[in-house]
Structures are given as C-alpha cells and as structure tokens.
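Colleague: I have a structure here, written as structure tokens, and I will follow up with some questions on it.
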Amino acid sequence: MAERHRTSEMSGFYTLDMAQRRRLVQEWANLSDEETAALEASLPLEHADKMIENVVGRCALPLGIATHFLVNGVDYLVPMAIEEPSVVAGVSFAAKLFRQGGGFQAQALGREMIGQIQVLDVADLDEAERAVRQAEPRILRHADFLQSGLVARGGGARGLEIRRFPESPVGPMLVVHLLFDTVDAMGANAINTLAEGLAPMIEEITGGRVNLRILSNLTDRRMARAEGRIPVQALARYGVSGEEVAQRILEAAALAEVDPYRAATHNKGIMNGVDAVALATGNDWRTLEAGAHAYAARSGRYTSLSRWWRTETGDLAGSLEMPLAVGIVGGATRSHPTARVALKILGVQTASQLAEVMAAVGLAQNFAALRALATEGIQRGHMALHARQIAIAAGAQPDEVDIIADRMVAENNIRPQRAEEILRLLRTHSENADS
Ligand code: MEV
C-alpha cells in the first residue's frame, strides 16, 4: 500500500472477520508477520514479571481499530484497547461524519511538564521568592545539566513558576514549578529525577526545607486541542432532521457546561476514547484522567472539556481542549510489544502528533455519545453488544455468539439464564441435525 496516499476510510471494516481486518492493518502499517502476531496476547510472562511486582499473570483487553480518522489532513487508523462495547464503533462513525466536514484540525499546545518542589519553614515568603527568581538562570542551567540527554533531543528547562500558599494546614509554603520540555517522552521519570535533583539547590536558595518533589498531573503546559465540523444534513437520523439533532446536541452539551453531574459523564465519554488510545499505545491513562478532571475544574466549578456550536453555514462544530501528557518513547510505549505495534499502526512521528490524534479521538467520542443520547439513546447499540458479552459468558463459542445475542435482543430478554437456555437449544438442535 502506498505510504501516505492510503485512506483510513474503511467502511465495512467491521463486517470483515478478524483475519481479514488484521491483514488490512498489516498492509496499512507495513507490519511484519511477527509484529502482526504481537497484536495477539504478546506480553511475555518474564517481561510482565519485570514490569510490576507480585505478578501472577496478564490481563488482556480487546484491541480494536477505529477507522475514518483524518487529522490535519493525515489519515490514521487508531488502535484502541478497551473493554466497553460501542466505543470503537461510535468513534469510527463519528470520524466518518467529521470527515465530511474536512476532518479534524488539531494542535499540541506546549510540551512542558511541571515538576513541583514544595518548600516549607520559609522565614519570609517574599524574600524566598525574590531569591528563587534571581537564581532562576542557575537553576535552569542545573536542570539542563541533570537531563542533558533530553536537552540534546531538543528539550530542556523552559522556566520556573513560583506559587505561594501563605496559609495552609501546616503554615506558609512556597512551591517552585520547574517547566521542562520532555520532547517525545511523557517524562514522568525525568521530571521526578529533576525535582529531586534540584531540591538541595532550592533549599540553599530559599533557606527553607524541601518536602515533596514530584511532577504535577495537571499538565496544563502540555495541552492539545482538536476542532472539527459536521455538515448538518449528515446528522439526520431515524426521521429526525439534521437541524433538530444539532439542536439537541447543543442542548446536551449546554447541560454539561453548567452542571457538574452531567459534566462528569460527558467527560467520561471523552475519556473513553482518550484512555483507550493511551492504553493501546502504552501510555499512562491515570495521568490523563487526573489531568483532564483537574483541568475541567480549573475555574473552581467542574465543567465540560468540549464546546459545541453552530457555524455560520449551520454546520455543527465542536472543539476539545485538554491536558494530554503522552509519549512515544519511554515507559511501556516501546517495551510493551503490543504498544510498539499500536504506535506503528498509528504512524505518529512525535508525542505532539499523538496528542493531536488523541484530542481528535476524544472529540469524536464525545460527539458519538451526544448524538446517540440526543437521538435513539445509547442503550440500543449497547444492548446488542452487551448481549454478545452475556452469550460469551454463558459459554458460547465464536460461531454461536451472534445467534444467541440476536435472539436475546429480539426477545428483549438479555440475561445469563436465557443465554444458557438458547445455547442448550442450539447445541441440541445441531446434535440432532448431525445425527
Ligand atoms: C458511556 O461509557 C459514556 C457516555 O455515558 C458518555 C455521555 O453520556 O456523554 C455515553
């Protein structure tokens, strides 16, 4: 397949069987047979045993591919690891509609991580702050010295922020933020090393005592933004006009803006997409969760991460802006065999590009949820997939799953006991047919 003339527009991808889907993805990303095999339960136990403690096994999740993504004019197939049905289908369909509006425009806004150094027992906060400001060039030089590898790759110290807390449960404190560009690494280790390495210097400069030295997960210096629009006529559904669907989506989004109870669910939908890409690519999804929700509450009132509006021509447009501290080197991104292949499928060249795609996925996922909620509700699609899971849990083999699930959905009776009954009937029937 030609390198960049390929399209991720793969209508009907879901109708293929798994071997056909794999073959397509293998061709798309030029995967070797070994890499393709790594898509399947590939983490060796000995490797797993070195990753965390007290290992007794592995925990596998389905790895799906979201299709139709066009971000900044580039086509992407997006690997997503997630246990929840409907997410991959929903986001792929959403990407197809956004494509009709020209795809997503996305930008990574900044690459700096924040390392926090907490200083206590400071006699005079003003004086200590002045001293840190004066010593800033020396502190930044030392930070660059401590992480010279990142400096060589284009990263490095970018500045200091000083935050003052004259009142806290343990008295006044000063917090020094080191802003450091970690390039293509998420950079948690680098930042924690830096915070620890700079602590003695900060103590000497402030005359105080350093306690915490750790990165902040509110990575608001490492944001990404995605925007896109959908022609209003593409929104028509089940006899409801595109105009009306757009209006209902705006109403749903407005609730998330004003009400934290709804915003939490709205943002959870965004994170369904973002986390699934993070998991597939070996990134730390807890970092992203922490950053997203802290950022959503930055004004003091928790609100939605996305915004939706109508354009001058009446199209539906949306944007998502959120902290996205992700990497394509370091951590599990390269050491986990499946994550490595997932990154190859995605084809991103930089961490910023990964963040851009993830922002687009978050926005698409948000749209998919809002559209379903504003039209048929999410249960219809969910139920079909839920029924399949119940069938699998009842012991159905791959060729039996859909038969049982379809029957349960038609009967509107999706329960383990019913799945077992249908399975028994099915097997008795096929035994009789065989004999
Ligand atoms: C379910 O995992 C996610 C949704 O609840 C998101 C939303 O309500 O916007 C459908």
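Colleague: Give the residues of region 293-321 that are aliphatic (A, V, I, L, M), within 15 Å of the ligand (Cβ to nearest atom) and buried (at least 24 other Cβ atoms within 10 Å of the Cβ), sorted by residue number.
Modeller: Just the residues of region 293-321 that are aliphatic (A, V, I, L, M), to begin with: 294, 296-297, 305, 316-317, 320.
Pick out the ones that are also within 15 Å of the ligand (Cβ to nearest atom) and you get 296, 305, 320.
Passing the criteria: L305, L320.
Colleague: Can I ask one more? Of the conditions (1) more than 30 Å from L320 (Cβ to Cβ); (2) part of a helix (DSSP H, G or I), P169 fails just one. Which one is it?
Modeller: It fails just one condition, (2).
Colleague: Among the residues of region 50-88, which ones are open to solvent by 70 Å² or more (accessible area, probe 1.4 Å) and either outside any loop (DSSP other than H, G, I, E, B) or within 23 Å of L370 (Cα to Cα) (or both)? Step through it out loud before you land on a result.
Modeller: So the first thing to find is which residues in region 50-88 are open to solvent by 70 Å² or more (accessible area, probe 1.4 Å), and the list is 50-54, 56, 58-62, 72, 83.
Scanning region 50-88 gives K50, M51, E83.
Colleague: Which is outside any loop (DSSP other than H, G, I, E, B), open to solvent by 50 Å² or more (accessible area, probe 1.4 Å) and in contact (Cβ under 8 Å) with a residue 60 or more places away in the chain, of E251, E257, E244? Show your work before the answer.
Modeller: Working: E257 fails: in contact (Cβ under 8 Å) with a residue 60 or more places away in the chain; E244 fails: in contact (Cβ under 8 Å) with a residue 60 or more places away in the chain.
Residue meeting the stated conditions: E251.
Colleague: Pick out, from region 322-435, the helices (runs of 4 or more DSSP H) lying fully within it that include 3 or more residues that are at pLDDT 95 or above and open to solvent by less than 30 Å² (accessible area, probe 1.4 Å).
Modeller: Details: elements: 332-335, 337-346, 351-374, 379-393, 398-411, 416-434.
It comes to 337-346, 351-374, 416-434.
Colleague: A follow-up question, please. For region 37-44, check the following and say yes or no: at least one residue is on the phi < 0 side of the Ramachandran plot, touching a His at 6+ places or on another chain (Cβ under 7 Å) and not acidic (D, E).
Modeller: Applying the first criterion (on the phi < 0 side of the Ramachandran plot) to region 37-44 yields 37-40, 42-44.
Add one more test, that the residue is touching a His at 6+ places or on another chain (Cβ under 7 Å), and what stays is 43.
Still in the list and also not acidic (D, E): 43.
Scanning region 37-44, I find at least one residue that is on the phi < 0 side of the Ramachandran plot, touching a His at 6+ places or on another chain (Cβ under 7 Å) and not acidic (D, E), so the answer is yes.
Colleague: Between a residue in region 318-331 that is closer than 25 Å to A190 by Cα and assigned by TED's automatic domain parsing to the domain that holds I249 and any residue that is among the β-branched types (V, I, T) and not in a strand (DSSP E or B), which pairs come within a Cβ distance under 7 Å, given they are 6 or more apart or on different chains?
Modeller: Listed by first residue and then by second, the contacts come to P323/T219; A325/T219; A325/T287; G327/T333; I328/V348; I328/T350.
Colleague: When E161 is evaluated against the numbered criteria (1) surrounded by fewer than 17 Cβ atoms within 10 Å (Cβ to Cβ); (2) without any contact (Cβ under 8 Å) to a residue 12 or more places away in the chain; (3) under 29 Å from the mean Cα position of the chain (by Cα), which criterion, by number, is the only one it fails?
Modeller: Exception for E161: condition (2).
Colleague: Now for a separate question. Which one of these is closer than 12 Å to V341 by Cα, assigned to a loop (DSSP other than H, G, I, E, B) and modelled with pLDDT under 95: E34, E40, E3?
Modeller: Values: E34 fails: assigned to a loop (DSSP other than H, G, I, E, B); E3 fails: closer than 12 Å to V341 by Cα.
Every option except E40 fails the conditions.
Colleague: When only residues in region 189-225 that are of a type in the set (D, E, K, R) and surrounded by 15 or more Cβ atoms within 10 Å (Cβ to Cβ) count, which is nearest to D284 (Cα to Cα)?
Modeller: Initial filter on region 189-225 (of a type in the set (D, E, K, R)): 196, 203-204, 209, 213, 220-222, 225.
With surrounded by 15 or more Cβ atoms within 10 Å (Cβ to Cβ) added as a condition, the list becomes 196, 203, 213, 220-222, 225.
Numbers: E196: 21, E203: 31, R213: 20, D220: 16, R221: 17, R222: 15, R225: 19 Å.
Restricting to residues being of a type in the set (D, E, K, R) and surrounded by 15 or more Cβ atoms within 10 Å (Cβ to Cβ), the top hit is R222.
Colleague: Among the listed residues F98, F104, F145, F93, identify the single one that is at pLDDT 95 or above, within 16 Å of the ligand (Cβ to nearest atom) and of a type in the set (F, W, Y). Explain how you work it out, then say what you get.
Modeller: Details: F98 fails: within 16 Å of the ligand (Cβ to nearest atom); F104 fails: within 16 Å of the ligand (Cβ to nearest atom); F145 fails: within 16 Å of the ligand (Cβ to nearest atom).
None of the others qualify; the one that does is F93.
The values are calculated or read from the model by the stated rules, or taken from the named source; none is laboratory data. What you are looking at is a predicted structure, and each value in this text was computed from that prediction instead of being measured. So basically every Cβ, Gly included, is an ideal-geometry build from the backbone, and we count neighbours across all protein chains shown. Quick note on the areas: whole protein, heavy atoms, side chains included, nothing else; ligands and nucleic acids left out. Shrake-Rupley method; radii C 1.70, N 1.55, O 1.52, S 1.80 Å.
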